[in-house]
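Below is one structure, written out as structure tokens, with a few remarks after it.
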Amino acid sequence: MDQRLTDALQRQPGVDDWTVRYRRARGMQIYLVGGVVESTREVARDSYEIEVFNDHLADGEAVRGSATIPLAREDLDRLPSLLDRAIAMATLVHNPPWDLPAPAACPEVLLADDGLLDPAGMRRAADGVAELVRGAVDQEHGSGVRLSAAELFLHRFDDELRSSRGIDVSATGTHALMELALLATGDGEEAEYFRQAQARRLDDLAVEATVRHGAQMARDKVRAVAPATRRGPVVIVDQALDQLFGESVIGSTGALLNQASASSAYAKISRFELGSPIYGGIEVTGDRLTLHANATRPHAVPSYRFDADGVPAQDLLVIADGVLVARPATQRYATYLGLPVTGRPGIAQIAPGSTAAADLLDGDGPLYRIAAFSAANVDALSGNFGMEVRLGYEVGPGGERPITGGSVTGNLFEALAAARMARETRQLASYAGPVAIRFEVLQVSGE
């Protein structure tokens, strides 16, 4: 971290507190089109994010304002004018005061793939993935599946955080992102399978298995039909779990952690109360939910050593047997509500049930098994969702048939009251937990 920045903040009038977050990113990108490597490139970026705090009076009351500004290294030569602008913005914000955290020991959290820590390792990894993708697609060529395009992004991040309260911490992590588009042809029809997968370790992308699975899904989509409209059991698996419980299009946490958070409670938009069930008054007939916000889970994408304020990572039990027992609370909202400071939530980690995943598909009538939605769309306030089916399966006495189109709707919080969890588990980008969850009553709209 450039010392000029912290020196300037300490001298700047009007800055009552500050944090500086520095990220040094180094990466490798490779692009394949139709199985041919179109380009590879190395990328590098150094960036700063400064947050300044100004304490002042508003209507005779003590308040605190803050402003965050991003900086590139070349911006350091004009620091005084940039800081003046940030302070001016901070004086226009009138929030109740809160203090920044004091220094505290941060846990050692596994965040990096050793093979991606240097440029040579990244290049070997990128070339190796390209070969794995091509080889796996070649194995599927006879079934009418071909590669449209694939992209791989590998990065190493070195993060530092300093604050006016004496925090000086650092962490190193890696990140791998793969995008895969496969095309399947059959009976004069063509269908695409698209998957974006991310992980901290390259092996967790399971490249060959992802291609095989994607090829099967592309073939299934060629012959998929619209689902019949019915209200009944739906089993959520694969990518659909991440879309239901993980990050949403409007926030970095899913609906469960959003509603449990101290920030939602402070804004009076939380449906959950500490010590009470989270099911909206619905009688529980399924497995009672136990949920952790785990920022220390090894190699999980949302894990970290410290959050943006410098609060150490925690594995926080949020919901135990269906009852809210703790609220994820950043430094600011913990101060406002008088709660323990837990930091930014980590991955949504759901405890497994006692039923084998295969047994969740049992039943007298047909049910739907949903593998992927077109997009995540769970309302963070109400828990209501309505998501288009990208690919799923109708499961009945006569076997399975693929479905696409139509939608699955319901209320996540209420539906969990009758949900049964598989005993087998897996980890996805923003979800860790059962490989399958059966909801007894959801609305499926189709034909």
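With only Lys, Arg, Asp and Glu charged, each at its Cβ (+1 for the first two, -1 for the last two), find how big the charge dipole of the chain is about the Cα centre; round to the nearest 20 debye. Each step should come with its number before you reach the end.
Numbers: 43 positive and 60 negative charges, 27 e Å.
Its charge dipole is roughly 120 debye.
Just subtract the alpha-carbon distance of T185 and A58 from 0.36 nm times their residue separation and send over the number in nm, one decimal. Can you show the working numbers first?
Details: separation 127, 0.36 × 127 = 45.72 nm, distance 6.61 nm.
Contour length minus the Cα-Cα distance gives 39.1 nm.
Each residue of region 65-80 in turn: what ³J(HN,Hα) in whole Hz from Karplus with 6.51, -1.76, 1.60 and θ = phi - 60°, glycine and Pro shown as x?
For region 65-80, the Karplus curve yields x, 9, 8, 10, 10, x, 9, 9, 4, 5, 7, 5, 6, 10, 4, x Hz.
I want the local charge near L412. Using Cβ-Cβ distances under 12 Å, sum +1 for each Lys or Arg and -1 for each Asp or Glu among the other residues.
On the way: positive: R271; negative: D379, E414.
Summing Lys and Arg as +1 and Asp and Glu as -1 gives -1.
Once the Cα atoms of helix 119-140 and of the chain are each reduced to a long axis, what angle between those two axes, in degrees from 0 to 90 to the nearest 10, is obtained?
20 degrees
Using the Karplus curve 6.51 cos²θ - 1.76 cosθ + 1.60 with θ = phi - 60°, work out ³J(HN,Hα) for each residue of region 37-45 in order, rounded to whole Hz, and write x for Gly and Pro.
Whole-Hz 3J(HN,Hα) from phi for region 37-45: 5, 7, 6, 9, 7, 9, 10, 8, 7.
Please check which bits of region 166-188 a label hung off R223 would reach, taking the label as a point 7 Å along Cα-to-C-beta and the cut-off as backbone N under 11 Å.
186-187
Under a point spin-label approximation (7 Å from Cα along Cα-to-Cβ), what is the A88-L117 distance to one decimal in nm?
Label-label distance for A88 and L117, simple model: 4.6 nm.
Around L316, which amide H atoms from residues at least 5 apart in sequence, or from another chain, sit under 5 Å from its own amide H, with H modelled in the peptide plane?
Hits under the 5 Å cutoff: A293, N294, A295.
With a cut-off of 8 Å between alpha carbons and a minimum separation of six or more residues, what is the relative contact order of the chain in percent?
Computed value for the chain: 16 percent relative contact order.
Which Cα, out of I282, G14, P96, lies furthest along the positive dipole direction of the chain (beta carbon charges, K/R +1, D/E -1)?
Checking the options against the dipole of the chain, the answer is I282.
Sort out for me the Cα centre separation of region 154-192 from region 382-400, rounded to whole Å.
28 Å
How big is the dipole moment of region 230-445 about its Cα centre under a simple scheme where the beta carbon of each Lys and Arg is +1, that of each Asp and Glu is -1, and everything else is neutral? Debye, nearest 20, please.
Computed about the Cα centre, the dipole is about 360 debye.
Set Lys and Arg Cβ to +1 and Asp and Glu Cβ to -1, take the dipole of region 317-436 about its Cα centre, and tell me which of I403, I350, Y336 lies farthest positive.
Highest projection toward the positive end goes to Y336.
Tell me, how many Å apart are the Cα centres for region 6-79 and for region 290-342?
If you average the Cα positions of each part, the centres end up 24 Å apart.
Determine Rg/Rh for region 308-367; Rg is computed over alpha-carbon atoms and Rh is the Kirkwood hydrodynamic estimate from the same atoms.
Details: Rg = 17.6 Å, Rh = 14.4 Å.
With Rg and the Kirkwood Rh in hand, the quotient comes to 1.22.
Roughly what would the spin-label model give for D321 and E192, points 7 Å off Cα along C-beta, in nm?
Placing both labels 7 Å along Cα→Cβ, they lie 4.9 nm apart.
Mind putting a number on the dipole of region 3-219 about its Cα centre? Charges go on the C-beta only, +1 for Lys and Arg and -1 for Asp and Glu, and I need it in Debye to the nearest 20.
Details: 24 positive and 37 negative charges, 69 e Å.
The calculated dipole for region 3-219 is roughly 340 debye.
Where the convex hull is taken over the Cα atoms of region 294-447, what is its projected area averaged over directions, in nm²?
Values: hull surface 41.6 nm².
Taking the Cα atoms of region 294-447, their convex hull projects to 10.4 nm² on average.
Summing -39500 (n - 2.57) over the DSSP H runs of n ≥ 4 in the chain and dividing by its residue number, what mean residue ellipticity at 222 nm do you reach, to the nearest 500 deg cm²/dmol?
Values: 9 runs with 88 residues, N = 447.
Per the formula, -5500 deg cm²/dmol.
Extension gain E42-A149, at 0.36 nm per residue separation less the Cα-Cα distance, in nm? Walk me through the intermediate numbers first.
Details: separation 107, 0.36 × 107 = 38.52 nm, distance 1.94 nm.
Separation in residues times 0.36 nm, less the Cα-Cα distance, equals 36.6 nm.
So I have (i) 32, 26, 22; (ii) 53, 24, 22; (iii) 41, 30, 17, and one of them is semi-axes √(5λ) of the Cα gyration tensor in Å calculated from this model. Which one is it?
Of the listed options (i) 32, 26, 22; (ii) 53, 24, 22; (iii) 41, 30, 17, (iii) comes from this structure.
Among H141, A375, P298, whose Cα projects farthest towards the positive end of the dipole of the chain, with charges put on the beta-carbon of Lys, Arg (+1) and Asp, Glu (-1)?
Going by the charge dipole, the pick is P298.
To the nearest 10 degrees, how steep is helix 207-222 against the longest Cα principal axis of the chain, on a 0 to 90 scale?
50 degrees
Throughout, read-outs are computed from the coordinates displayed, never taken from laboratory work. As the structure is a computational prediction, the values presented were derived from the model and not from experiment. Note: ideal-geometry Cβ built from the backbone for every residue, glycine included; neighbour counts use all protein chains shown.
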